[in-house]
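What follows is a short report on a single structure.
The values are calculated or read from the model by the stated rules, or taken from the named source; none is laboratory data. No experiment lies behind these values; they were computed from the predicted model shown. Neighbour counts run over all protein chains shown; Cβ positions are idealised from the backbone, glycine included. Only protein heavy atoms, including side chains, enter the accessible area calculation; ligands, DNA and RNA are left aside. Shrake-Rupley method; radii C 1.70, N 1.55, O 1.52, S 1.80 Å.
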Amino acid sequence: MALLEILHFPDPRLSRKARPVEVVDDAVRKTAEDMLETMYDAPGIGLAATQVNILQQIAVIDVSEDKNEPRCLINPKIIGRDGEEEMREGCLSVPEVFAHIKRAERVTVEFLDLEGQPGTLEAGGLLAVCIQHEIDHLQGRLFIDYLSPLKRERLKKKVLKAQKAGQATASSDQSIPL
Ligand code: NI
């Protein structure tokens, strides 16, 4: 396994769309393993392939407290949404920034597993938020894209300033980035 480099906002590569995986083979499984290791190391609770500069529709998620419930969603597609909620989100690609984002409260998602088998998952709460956040990444969308342009510009300045000052990306904030 290997740790992958996570791209940081405002890197334009984060805006690229991932392609569907055609065949779930050993290379895809290796990518997913590396992504999980990278996510746990960060630490975060979700990571999309576009964040590590891989343009394939692969997302890994683990929202469990003990970090022992890894999930890998290949070609994930939301086929049902219900309700609305607002949660405070962060992102491994946008260090130090947290914002309240409105999303569906519950989602149903179709995907392929690591064996290439189709599956369906109904999710609520943090898992639902995380799934929507990671699928957005695969479409080239960041959570801060939901904010007003003015607010986003302000955040961009804050992030660039922190990067210039060489601040550690580890946040003292208790929220865990998605
Ligand atoms: Ni993210």
Residue-span extension gain [Ser64 to Lys30] - 0.36 nm each, minus C-alpha spacing: 10.0 nm
Let me have the relative contact order for the stretch 1-79, percent, based on Cα pairs under 8 Å that are six or more residues apart. 31 percent
Can you compute the helix-only [θ] at 222 nm over the chain? Use -39500 (n - 2.57) per DSSP H run of at least 4 residues, normalise by all residues, nearest 500 deg cm²/dmol. -8500 deg cm²/dmol
Over the stretch 1-120, what percent of the accessible surface lies on carbon and sulfur atoms, probe 1.4 Å? 44 percent
Any idea what the relative contact order of the stretch 79-163 is, in percent, if you count C-alpha pairs under 8 Å spaced at least 6 apart? 25 percent
Using only the Cα atoms of the stretch 12-165, what are the Rg and Dmax in Å? 15.3, 46
Rounded to the nearest 10 Å², what accessible area does Glu84 show when all protein chains are kept and the probe is 1.4 Å? 130 Å²
Over the chain, what is the mean sequence separation of C-alpha contacts under 8 Å (at least six apart), divided by residue count, expressed as relative contact order in percent? 25 percent
Do any trypsin sites (Lys or Arg not before Pro) in the stretch 40-77 lie in a DSSP loop with no more than 14 other beta carbon atoms within 10 Å, and if so, which? Lys67
I'd like the projected area of the stretch 51-115, averaged over all directions, using the convex hull of its alpha carbons. Report it in nm² with one decimal. 5.7 nm²
Of all DSSP beta bridges having both residues in the stretch 12-165, the percent classed as antiparallel (nearest 5) is 95 percent
